[in-house]
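The values are calculated or read from the model by the stated rules, or taken from the named source; none is laboratory data. Treat the numbers as computed from the prediction; the structure is a model and nothing was measured. Cβ atoms come from the backbone with ideal geometry, glycine included; neighbour counts cover every protein chain shown. Accessible surface areas use protein heavy atoms only, side chains included; no ligands, DNA or RNA. Shrake-Rupley method; radii C 1.70, N 1.55, O 1.52, S 1.80 Å.
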Amino acid sequence: MMWHLSLPWWEFIARGLIVYLFLIIILRVTGKRQIGQMSPFDLVLLLVLSNAVQNSMNGGDNSIAAGLILAATLVGANWITGVLTFKNKAAERLIEGSPQVLLHNGKLYERNMADAQVTRGELMAALRSEGFSDFNQVRAAILENDGSISVIPYHQSQK
């Protein structure tokens, strides 16, 4: 039946929230790079992941009502997460992380690079995209929360 739910409505909300929180945690643990710099492999993972969690959310119920409840739950959870991270700096750090210094005054921070799973090649590509060819030409390179790398030159006119 198109509108008949096979489970109580509240169970769809609970299932959606559990899966949402699980995915936030697992994506946060795997690092910023996974989200901000999506490779073809990351896209495939995202598509397969969405398919993998579908049944855990809908409990086998393919009704329109279940889909609408789950969609509203996920959008609502995402909205609440956005409000929470906007209003609470501790929640923002926990959910979104903090920017990481990868390079400062020519010194490469290998530990931060390893933690963020950013290779020297990827860092060099970010520097080249900003017009620099050497670590010593920039004051800092910072991995932002969205996975992008900001490059800060010593002097603005140097670029």
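When Arg15, Arg93 are compared by accessible area at a 1.4 angstrom probe, the order from most to least is Arg93, Arg15. The accessible-area ordering, largest first, of the residues Leu21, Leu7, Leu102, Leu94 stands as Leu94, Leu21, Leu7, Leu102, per a 1.4 angstrom probe.
Modelled label positions at Thr119 and Leu68, each set 7 Å beyond Cα in the direction of Cβ, lie 4.9 nm from each other. Here the stretch 93-125 is scanned for amide nitrogen atoms under 11 Å from the site 7 Å beyond the Cα of Arg139 along Cα-to-Cβ, giving 105. Put simply, when 103-113, 57-67, 135-145 are sorted by average Cβ atoms within 10 angstrom per residue, most first, you get 135-145, 57-67, 103-113.
Between the helical axis of 9-30 and the longest alpha-carbon principal axis of the chain there is an angle of about 20 degrees. Here the stretch 1-114 has an Rg and Dmax of 18.1, 65 Å, counting Cα atoms alone.
Placing dummy labels 7 Å off each Cα toward the beta-carbon, the span from Val44 to Asn78 is 2.5 nm.
Over the chain, accessible surface divided per residue gives 64 Å², non-protein components excluded, 1.4 Å probe. Extension gain for Ser150-Ser98 works out to 17.4 nm (0.36 nm per residue, less the C-alpha to C-alpha distance). Rolling a 1.4 Å probe across all protein chains gives Glu130 an accessible area of roughly 60 Å². On the beta carbon distance between Lys107 and Leu17, with R0 = 30 Å, the FRET formula returns roughly 0.10. Enter the angle in degrees (range 0 to 90, nearest 10) between the Cα long axis of helix 120-129 and the first principal axis of the Cα atoms of the chain, meaning the one along which they spread out most. That works out to roughly 80 degrees.
Angle of helix 64-87 to the longest C-alpha principal axis of the chain, folded into 0 to 90 degrees and rounded to 10: 40°. Every helix of 4 or more DSSP H residues in the chain counts as -39500 (n - 2.57), and over all residues that averages to -19000 deg cm²/dmol at 222 nm.
Among residues other than Arg120 with Cβ under 13 Å from its Cβ, the summed charge is -2 (Lys and Arg +1, Asp and Glu -1). In order along the stretch 102-118, the Karplus-derived 3J(HN,Hα) couplings, from 6.51 cos²θ - 1.76 cosθ + 1.60 at θ = phi - 60°, round to 9, 8, 9, 6, x, 8, 8, 8, 4, 4, 5, 4, 5, 4, 8, 6, 9 Hz, and Gly and Pro are given as x.
Rolling a 1.4 Å probe over the protein heavy atoms of the chain, with every protein chain left in place, gives an accessible area that is 65 percent carbon and sulfur. In summary, the convex hull built on the alpha carbon positions of the stretch 48-159 has an orientation-averaged projected area of 10.0 nm².
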